[in-house]
Amino acid sequence: MTISTGDKVPDVDVFLMGDEGPQKVRSGELLGSGRVVLFAVPGAFTPGCSKIHLPGFVEGASELKGKGVDKVVCTAVNDAWVMQAWGEDQGVGDDIVMMGDGSGDFAEAMGLVMDGSGFGLGSRSKRYAAILEDGVVKNLAVDDSGVDLSSCSNVLSML
């Protein structure tokens, strides 16, 4: 079942890159306090994700913070090493937390899995953006194609 407005964000194991390699954290802990913008992409280094989606959030990070966002988190069904490398490639710095969901457990718990096997991707996360307040979904925008509803500019308009 797809997560909806008013639902609490799932609490499953995800990974962040630490100084000594991947660190397991609980999604509920990472996403559960303050105002968080969470956005998901089908895959790191893929064209739409690397040319449009993530760059929009990199460019808009300060404007998001100016509207009261405490944390911006990007997730994909990729491991923590890939998420770190992609973040470095895209210049996210400390503005965006790159959350690895290598096994797709978070995407599954969100009910936002897409079948990318036709593109050689396997099971991946749908493209979406959510505004969370203390771990509760306040807004959710899912793109079935393109990068419109889940773009940084659209998230800014929802804040």
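One table, with the values for the structure above:
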| item | result |
| --- | --- |
| Among the residues listed as 121, 149, 132, 112, the single one being farther than 19 Å from residue 2 by Cβ and surrounded by 14 or more Cβ atoms within 10 Å (Cβ to Cβ) | 121 |
| Lone unmet requirement of (1) under 13 Å from residue 41 (Cα atoms); (2) in contact (Cβ under 8 Å) with a residue 12 or more places away in the chain; (3) not in a loop (DSSP other than H, G, I, E, B) for residue 149 | (3) |
| Subset of segment 1-24 [of a type in the set (Val, Ile, Thr) and under 15 Å from the mean Cα position of the chain (by Cα)] | 3, 9, 12, 14 |
| Condition met for residue 76 (buried (at least 20 other Cβ atoms within 10 Å of the Cβ) and among the hydrophobic types (A, V, I, L, M, F, W, C)) | yes |
| Top-ranked residue in segment 121-146 [being outside any strand (DSSP E or B) and at negative phi; ranked as modelled with the highest pLDDT] | 126 |
| Of residues in segment 104-120 being free of Cβ contacts under 8 Å to residues at least 24 places away in the same chain and outside any helix (DSSP H, G or I), the one nearest to residue 137 (Cα to Cα) | 113 |
| Tally of residues being touching a residue at least 40 places away in the same chain (Cβ under 8 Å), touching a helix residue (DSSP H, G or I) at 6+ places or on another chain (Cβ under 7 Å) and under 17 Å from residue 36 (Cβ atoms) across segment 68-87 | 3 |
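The values are calculated or read from the model by the stated rules, or taken from the named source; none is laboratory data. Remember, it's a predicted structure, so these values are computed and weren't measured experimentally. Methodologically, a virtual Cβ is constructed for each residue, glycine included, from the backbone with ideal geometry; neighbour enumeration extends over all protein chains shown.
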